[in-house]
Every structure is written in structure tokens, then in C-alpha cells.
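Colleague: Here it is: the structure, laid out below.
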Amino acid sequence: MPVNTTSRLLITSTDVIHAFALPSLGLKVDALPGRINQLFSNPSRVGGFYGQCSEICGSNHSFIPISIKICGLSDFDAVRKSYLLDIVSDSLGEGLTF
């Protein structure tokens, strides 16, 4: 996510109720099957932030880590463009260059 920019996160689940939580960013919202919840964040510092599912949602509950990297806008744009080019390249076939 880019620093000093408001981002909207869409949160859902496919199986049971989870709680998407990143305490160091002050974010927590329930992830419910069949429903999309949203939250907005405007992080003010760069770095890696870690959280977890904070509900007891099943036997593999402890294996649901959450991580978000906050970076500068130029770094975010470079990663976003690279990601989009990978998607286009994969959908059009191998060996394409842009």
C-alpha cells in the first residue's frame, strides 16, 4: 500500500468467520462468508506490518498470518505496473515483451 494515500481494502471469507487484524495499523474488521466488508487506511509510515486472524475460526487458525508492506508512491506504482504486465503477459501467452 502507498504511504500517505487513502486505500480501500475489501475483506471477505470463503469458509468461516475470520477477523482481519493489523493492530500496528489500527485495523480490524470481520471477514464473513458471502459478504464484503470494507475499511479505509491512510498509513503515515513506511515499513512492513504484520497481523493475524484474531478469531478462533478452526483447526488451522494459527496459520493465517497477515502482512502488508507500506512503501512510497513511486515504489508502489512500479510494483503495480510489474504485476499488471505479468497478468497481461500470462493471459496473452509466453514470450511477449512490452
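Colleague: Can you pull out the residues in the range 4-34 that are surrounded by 11 or more Cβ atoms within 10 Å (Cβ to Cβ), of a type in the set (A, V, I, L, M, F, W, C) and part of a strand (DSSP E or B)?
Modeller: Leu9, Ile11, Ala19, Phe20, Ala21, Leu22, Leu27, Val29, Ala31
Colleague: Further question on the same structure: Out of the residues in the range 34-89 meeting the condition of being within 12 Å of Met1 (Cα to Cα) and of a type in the set (D, E, K, R), tell me which one is nearest to the chain's Cα centre (by Cα).
Modeller: Lys69
Colleague: Would you check if there is a residue in the range 35-49 being exposed (fewer than 15 other Cβ atoms within 10 Å of the Cβ), free of Cβ contacts under 8 Å to residues at least 12 places away in the same chain and part of a loop (DSSP other than H, G, I, E, B)?
Modeller: No, the range 35-49 has no match at all.
Colleague: Give me the residue from the range 56-79 that is of a type in the set (Val, Ile, Thr) and surrounded by 14 or more Cβ atoms within 10 Å (Cβ to Cβ) and, out of that set, farthest from Ser41 (Cα to Cα).
Modeller: Ile64
Colleague: Something else: Is there a residue being at pLDDT 90 or above and not in a helix (DSSP H, G or I) anywhere in the range 82-96?
Modeller: Checking the range 82-96: not a single residue is at pLDDT 90 or above and not in a helix (DSSP H, G or I).
The values are calculated or read from the model by the stated rules, or taken from the named source; none is laboratory data. Since this is a predicted model, take the numbers as computed values, not measurements. Methodologically, a virtual Cβ is constructed for each residue, glycine included, from the backbone with ideal geometry; neighbour enumeration extends over all protein chains shown.
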